[in-house]
1. Residue 75 - would you say it is surrounded by 20 or more Cβ atoms within 10 Å (Cβ to Cβ), at pLDDT below 90 and in a loop (DSSP other than H, G, I, E, B)?
2. Tally up the residues in the stretch 414-437 that are part of a loop (DSSP other than H, G, I, E, B) and buried (at least 20 other Cβ atoms within 10 Å of the Cβ), please.
3. Here is a check on your reading of the model: is residue 234 at pLDDT 90 or above and not β-branched (Val, Ile, Thr)?
4. In the stretch 58-87, how many are touching a strand residue (DSSP E or B) at 6+ places or on another chain (Cβ under 8 Å) and basic (Lys, Arg)?
5. Report whether or not residue 35 is in contact (Cβ under 8 Å) with a residue 24 or more places away in the chain and either in contact with a Pro (Cβ under 7 Å, 6 or more places away or on another chain) or part of a loop (DSSP other than H, G, I, E, B) (or both).
Amino acid sequence: MITQKYNKEILPLIIIFFAGFLHSAEQKVYRVPIQGVIDLGLPTFIERVIQEAENDQVEVIIFDIDTFGGRVDAATQIKDAILDSDVPTVAFINRRAISAGALISLSCETIYMTGGGTIGAATAVDMSGNKASEKVISYMREEMASTAESRDRNTVIAKCMVDEELSFTHVIINGDSVEVTDLEGRKEGKLITLTTEQALMYKMADGTAENMDELLVSLELSEATIISFSENWSENLVRFLTNPVVASLLTTFGFLGILFELQSPGWGIPGTFGAVCLALSLGASAIVRLATMSDLLIVLVGLVLLVVEAFLIPGFGIAGVAGIGVILWGLYLLLLPDVPVSEEVYHSALTGLTIGIIGGIIALVFLFRMVTKTKFWTKLTSPGVESQDEGYSTSIGLEDMVGKTGVATSDLRPSGWALLGDRKIFVVTEGEFVDKDQSIKVLSVDGNRVVVRVNAIES
């Protein structure tokens, strides 16, 4: 009886002890670096890590931040992902969180800073350091304020990190009005950037730590397992594909390849290459949320106009020109975010598109001249062509065929194959399309170019 009583008293304690031990042993912390320039490839990486952390039930996600900022749209996507996270988040400002980095830091539940760290100076500027438009400033100012408010931090200081035209003399800290005398940015015409000491004083940060070990001790997670993350190959690929110049080259190759294919019989390498390029460009833009439904619809309308020009309207006229113009406009919009941005972003998108178009045309011409001279190209584009012995021939020596009639053995759109007498010859129309098995008449022969039209008498 004594033994049974002893077991009943001791056994729960043992269970609790080992349960606590196991829990401690299973503690995990995710460390996520946010360093360098914040661009459109970063949000997908952050979103993936947060999703994995929620599935893995980790104790906390620590964002190791050292950045001078970057794109506003990218920072906004990251901020939204952090605010929506079910896992506690900590911003470890490892020296600096400037501009977009400040917005990301404020979105975290807890902020720790190293000694001599800085946070702030979040106004939107271009690459030359010039202030952005009021529209962009206003957007960033309210984003900072709403984010600070969601984490119970001072919204006045957050706004003054963005807009130097604001000023204040007092802030509310823990329900008390505190006069501010040590912040240069409290005066109109000055942006606020807080040192570590100032951030702690005005409750914009929660503590200090000089390294990750000290931070874990402060978070009472010194025994936790740290799992560090880095971008995988697919996220690096998306970052590369969304570069303005690369994206412009891909889209230019894409629609030029398809345009070339539409002017040729059948479907071959140019069309396939163009379709792959467009798929890569549009897919990457969709992943980083650059491509909206309206942008994709504009590009689709342009492609439809090109198809109409190629199959329904002989020659190249208004529909073709309009199609190219609409596609170029759609491609330009694909390079722009769906949030207010500075003039520099617009200029960067336009420059990237221009470089992409010029580079794409030069590359296509150069590649076409090289590839079309190979036997491999001949076999791929004209697999039925063998030799003169099999009844095939070029137009050389066919000058006497002018005026004679024959039959189209393939659709002429506007080029293809025709049977003239007992010879199968590659011909081209004046621009109109001719269906297979339709009667044709030879108009002229110039070197290897045999021009035909529909035989109106037999038709």
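The values are calculated or read from the model by the stated rules, or taken from the named source; none is laboratory data. Please read these numbers as outputs of a predicted model, since none were measured by experiment. No Cβ is skipped: glycine too gets one built from the backbone with ideal geometry, and neighbour counts run over all protein chains shown.
1. The answer is no for residue 75.
2. 1
3. When the stated conditions are applied, residue 234 does not pass them.
4. 1
5. When the stated conditions are applied, residue 35 does not pass them.
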